[in-house]
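J.: Attaching a single structure in structure tokens format; questions to follow.
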Amino acid sequence: SAYAVLAGTFAVLKRGITTVKSIALIGFMGAGKSTIGPLLARRLGFAFVETDDLTEKIAGKSIARIFAEDGEAAFRRLERSVIQRVTLLTDAVISCGGGATIDPRNLRLLRMSCRVVLLKADPSVLFERIARCESRPIARRISEVADVERILEDRARAYSSYDFCVDTGRCTESQAVDLIVEWLLGQDSEDRSLRLSVGLDKRSYSIAVGFGLLSHLGSEMRDVGLSGRALLFSNDTVADLYGERVLGAMSRAGFECYKFLMADGESYKNLETAQQAYVECSRARLERRSTIVALGGGVVGDVAGFVAGTYMRGVNLVQVPTTLLAMVDSSVGGKTAVNMPFGKNMVGVFYQPRLVVADLQTLSTLPARDYRSGMVELVKHGLILNPALLEYLLERPQLLSGFGESEDLAYAVAHSCAVKAEVVESDELDFDLREILNVGHTIGHALELVCGYGRLKHGEAVALGIIAETLAANMSGLASDECLEKVRECLYPLLEGLVLPDVDASAVYEALLSDKKRRDGRVRFSVLEQVGRVRLGVELARSAIEEAIANTVSLL
């Protein structure tokens, strides 16, 4: 039998799957997720998790009561937090609520972290099954098959993206499990990469996170429709480590390759470097369909992105970040800029890449201080929008302290990128919600300017900024004591060894008055009120800001 054949390869199957992803079952109520899920989990030796069950446990009451007492919007917020948690799991079969994938953010996390299996059935079959389950609020709205058809039509998009599909109306539960397992056996168990998309209509692009991706960069570029001339944009330090590997991968994929190397360091993130790059673009005879490949950290990515967005009014851009900070921050979202004497990132354009490829193996050569600086951004993303990611990091101190090749790191980076993608999709040009990402940046940028570019790592400056801004908000009655305590707990360990005895708080305040995000001559802050909740457009008193800066620096 088919089962006997599969049983003979079970050990290989389990080993392959446990090094990749969990399995997420999606589909309408009555499709069989709650019955097939436990059977599949036992077959694979995985844990079984049901998002509706976890939601009820968090709320302390049934879904029916949540709907009745708090409303569907409150239920969806709880469900969202559960999806954030379960998509950080490995070796699990996850049964998702029927409406979980209505929220595209949930679907992105599931597609990124799991093998997604859609269970479906004919509306008449679903209606018959639903009629036996009146405990779900949605079921009470269904009195005939036409109601099922109407809801399925409304949810067509929610069920349109998956890796494998099983029609449970045409097979038994055991047969459905057999089909899923057989399909899993055919998947590439060596592919450990996590992939997610940034949805911006015609400017949409994908992000790939994993180990060893540089060797496949050319094929990744071809897969998104790029071809022709490609200019590798990097610096000497990074190019010595990875330049030949990247050029070889692009050449094997048929690209005609050229190279431009800028000087290494924040002080070279300026218009003079951009002008030198324009000359090299002309020598390489780049055309509108040519591609600039940014290989390096945030400085390289910002300048390369600025050049790509302005040369010939825009050529294709591929971001290949090699620092942790660049992977989760500057490479995603399309912000490109150069510094000016009067401020950081004062001249730039919004220009989205065609592709982002984050090869985590490049972090093995990253100095520990730079790694910790990058971790600040992951912590920030957890603080502002994904508390599950924050707890994930705090439970794994080895992730915070230094690089190690592990799935934990891949999941943390991918989830951090998903936070950035979520915000960028909502506010691409930084006029509204995207300001949530500015937590810590107003004071952080001012500290960088006062200290002189290069003395502070960007992540270190942001960490100090988050602490100081949260303290000022706490002194002003906005941020809770618990929030301030959590911020200090998360961030001070990432500033190990940093000493700033000569920082003048009043000079920092004067510097932040030139912040490019000011409106009507006033500086407004994005401040944490609670973990997972940010207030935008906050004005803080100068006295509170200066006292918070002095206190923050003194505790280093």
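The values are calculated or read from the model by the stated rules, or taken from the named source; none is laboratory data. Computed from a prediction, not measured in an experiment: that's the story for all the values here. Heads up, the Cβs are rebuilt from the backbone with ideal geometry, glycines too, and the neighbour counts pull from every protein chain shown. Protein only, heavy atoms only, side chains kept; ligands, DNA and RNA dropped before computing areas. Shrake-Rupley method; radii C 1.70, N 1.55, O 1.52, S 1.80 Å.
J.: So the check is Cβ under 6 Å with 6+ separation or different chains; which pairs have a first residue in the stretch 39-63 that's within 17 Å of residue 23 (Cα to Cα) and a second one that's surrounded by fewer than 20 Cβ atoms within 10 Å (Cβ to Cβ) and of a type in the set (Lys, Arg)?
T.: Within 6 Å, the pairs are 45/14.
J.: Right, here's the next one. Do we have residue 156 as in contact with a strand residue (DSSP E or B) (Cβ under 8 Å, 6 or more places away or on another chain) and either open to solvent by 50 Å² or more (accessible area, probe 1.4 Å) or part of a helix (DSSP H, G or I) (or both) here?
T.: When the stated conditions are applied, residue 156 does not pass them.
Each row is one residue, and each column tells you yes or no for (1) outside any strand (DSSP E or B); (2) out of contact with any strand residue (DSSP E or B) (no Cβ under 6 Å at 6 or more places or on another chain); (3) under 22 Å from residue 386 (Cα atoms).
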| site | (1), (2), (3) |
| --- | --- |
| 65 | yes, yes, no |
| 77 | yes, yes, yes |
| 81 | yes, yes, yes |
| 84 | yes, yes, yes |
| 88 | yes, yes, yes |
| 107 | yes, yes, yes |
| 118 | no, no, no |
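J.: Okay, moving on. Could you tell me which of the residues 279, 299 is assigned to a helix (DSSP H, G or I), over 25 Å from residue 363 (Cα atoms), open to solvent by 10 Å² or more (accessible area, probe 1.4 Å) and not charged (D, E, K, R)?
T.: None of the other options fit; the residue is 279.
J.: Here's a follow-up. Look through 231, 226, 247 and report the one residue that is in contact with a helix residue (DSSP H, G or I) (Cβ under 7 Å, 6 or more places away or on another chain) and at pLDDT 95 or above.
T.: From the options 231, 226, 247, the qualifying one is 231.
J.: Considering only residues that are free of Cβ contacts under 8 Å to residues at least 12 places away in the same chain and assigned to a helix (DSSP H, G or I), look in the stretch 467-488 and name the one that is nearest to residue 369 (Cα to Cα).
T.: Ranking the candidates gives 485 first.
J.: Six or more apart or on different chains, Cβ under 8 Å: which pairs go from a residue in the stretch 492-507 that's open to solvent by 80 Å² or more (accessible area, probe 1.4 Å) to one that's modelled with pLDDT under 95 and part of a loop (DSSP other than H, G, I, E, B)? Could you list them?
T.: So the pair list comes out as 499/556.
J.: So residue 193 fits all but one of (1) within 30 Å of residue 314 (Cβ to Cβ); (2) modelled with pLDDT of 95 or more; what number is the exception?
T.: Among (1) within 30 Å of residue 314 (Cβ to Cβ); (2) modelled with pLDDT of 95 or more, the lone unmet condition for residue 193 is (2).
J.: Have a look at 349, 357 and point out the one that is surrounded by fewer than 24 Cβ atoms within 10 Å (Cβ to Cβ) and among the β-branched types (Val, Ile, Thr).
T.: That would be 349, the only listed residue that is surrounded by fewer than 24 Cβ atoms within 10 Å (Cβ to Cβ) and among the β-branched types (Val, Ile, Thr).
J.: Kindly indicate whether residue 464 is surrounded by 22 or more Cβ atoms within 10 Å (Cβ to Cβ), in contact (Cβ under 8 Å) with a residue 12 or more places away in the chain, in a helix (DSSP H, G or I) and not aromatic (Phe, Trp, Tyr).
T.: Considered against the rule, which asks whether it is surrounded by 22 or more Cβ atoms within 10 Å (Cβ to Cβ), in contact (Cβ under 8 Å) with a residue 12 or more places away in the chain, in a helix (DSSP H, G or I) and not aromatic (Phe, Trp, Tyr), residue 464 comes out as yes.
J.: Also: Working only within the stretch 120-136, note down all residues that are at pLDDT below 95 and assigned to a loop (DSSP other than H, G, I, E, B).
T.: Listed by number, the residues that qualify are 131, 132, 133, 134, 135, 136.
J.: How about the stretch 170-258: which helices (runs of 4 or more DSSP H) wholly inside it have at least 3 residues that are surrounded by 18 or more Cβ atoms within 10 Å (Cβ to Cβ) and free of Cβ contacts under 8 Å to residues at least 60 places away in the same chain?
T.: 244-252
J.: Output the residue which, of all residues in the stretch 29-63 that are among the acidic types (Asp, Glu) and part of a helix (DSSP H, G or I), is farthest from residue 89 (Cα to Cα).
T.: Across the stretch 29-63, the extreme among qualifying residues is 56.
J.: Kindly state which helices (runs of 4 or more DSSP H) lie completely within the stretch 386-450 and contain at least 3 residues that are buried (at least 23 other Cβ atoms within 10 Å of the Cβ) and not acidic (Asp, Glu).
T.: In the stretch 386-450, the matching helices (runs of 4 or more DSSP H) lie at 407-426.
J.: What's the number of the condition residue 299 fails, among (1) among the β-branched types (Val, Ile, Thr); (2) under 16 Å from the mean Cα position of the chain (by Cα); (3) under 18 Å from residue 459 (Cα atoms)?
T.: Residue 299 satisfies every listed condition except (2).
J.: Check whether at least one residue in the stretch 525-543 is out of contact with any Gly (no Cβ under 7 Å at 6 or more places or on another chain), open to solvent by 10 Å² or more (accessible area, probe 1.4 Å), in a helix (DSSP H, G or I) and not basic (Lys, Arg), and report yes or no.
T.: Looking through the stretch 525-543, at least one residue is out of contact with any Gly (no Cβ under 7 Å at 6 or more places or on another chain), open to solvent by 10 Å² or more (accessible area, probe 1.4 Å), in a helix (DSSP H, G or I) and not basic (Lys, Arg).
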